[in-house]
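Visitor: My structure is below; once you've seen it, I'll send some questions.
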């Protein structure tokens, strides 16, 4: 797969399930999947995240795009995982302030999300699972690495006697390139205005202060500057 894909493509037969939070990355992946598969469904997890608005945002986007949307209760994860994303009394800290894993890391999250997504996929007749994990801008999360995804893909196939394929369209893209991909998919304004990436639960451009907002904004500024330069060069 090319690092950056977009435009008109012949859709592959079959169905894909997108692991979907309503954020920038997963929404870009949802548009990516809609251009490639005949049928697409989305799954969102309720795991005790600090802002329930994420669930509302995901439901709204799925409804607008006409995508069947599943919400699975994973509240036990929120009870077990000591993270600033599951504890309202723990402030979100920059990774540089913490040392080691960021305090936004939720132990086991992608392991469980992708495992349950596979169970759902089997039930709805899908063999492709799409997730927005990324090793380029992965914030130090070990469960966003390509080696983990490959390992889990093998384990799921062995455990369920299936031939699932976990697709990771953003794995080798930085945030600037992710914005470019959204633009190529015709979804730039939608992703910018309708998604929720902010750890403080503020949609669109967010609070501008949390690590997620800073990463998103830095990539956006780089892409807009490059896009503007390209427009000027063609003028």
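Values in this text are rule-based calculations from the coordinates and carry no lab data. These numbers were taken from a predicted model, which means no experiment stands behind them. Glycine also receives a Cβ, built like all others from the backbone with ideal geometry; neighbour counts cover every protein chain displayed.
Visitor: Quick one: length gained pulling residue 231 to residue 53 fully straight, 0.36 nm per residue minus the C-alpha distance?
Guide: Extra length from residue 231 to residue 53 when fully extended: 60.4 nm.
Visitor: Further, regarding this structure: Roughly how many Å is it from the Cα centre of the stretch 207-225 to that of the stretch 143-168, as a whole number?
Guide: 30
Visitor: Using packing as a proxy for protection, rank 163-172, 57-66 so that the peptide with the highest average count of other Cβ atoms within 10 Å comes first.
Guide: Answer by packing, highest mean first, reads 163-172, 57-66.
Visitor: Report the Rg/Rh value for the stretch 138-235, based on alpha-carbon coordinates and the Kirkwood definition of Rh.
Guide: Ratio of gyration radius to Kirkwood radius: 1.08.
Visitor: Using a Förster distance of 22 angstrom, determine the FRET efficiency expected from the C-beta separation of residue 79 and residue 119, and round it to 0.05.
Guide: With a Förster radius of 22 Å, E is 0.60.
Visitor: Something else about it: Sorting 174, 25 on the 10 Å Cβ count, fewest up front, what's the list?
Guide: Taking fewest neighbouring Cβ atoms as first place, the list is 174, 25.
Visitor: Determine, for 173, 55, the number of other Cβ atoms within 10 Å of each Cβ, and report the residues in order from fewest to most.
Guide: Listed from fewest to most nearby Cβ atoms, that is 55, 173.
Visitor: What ranking do 216, 68 get, fewest neighbouring Cβ atoms within 10 angstrom at the top?
Guide: Lowest count first: 68, 216.
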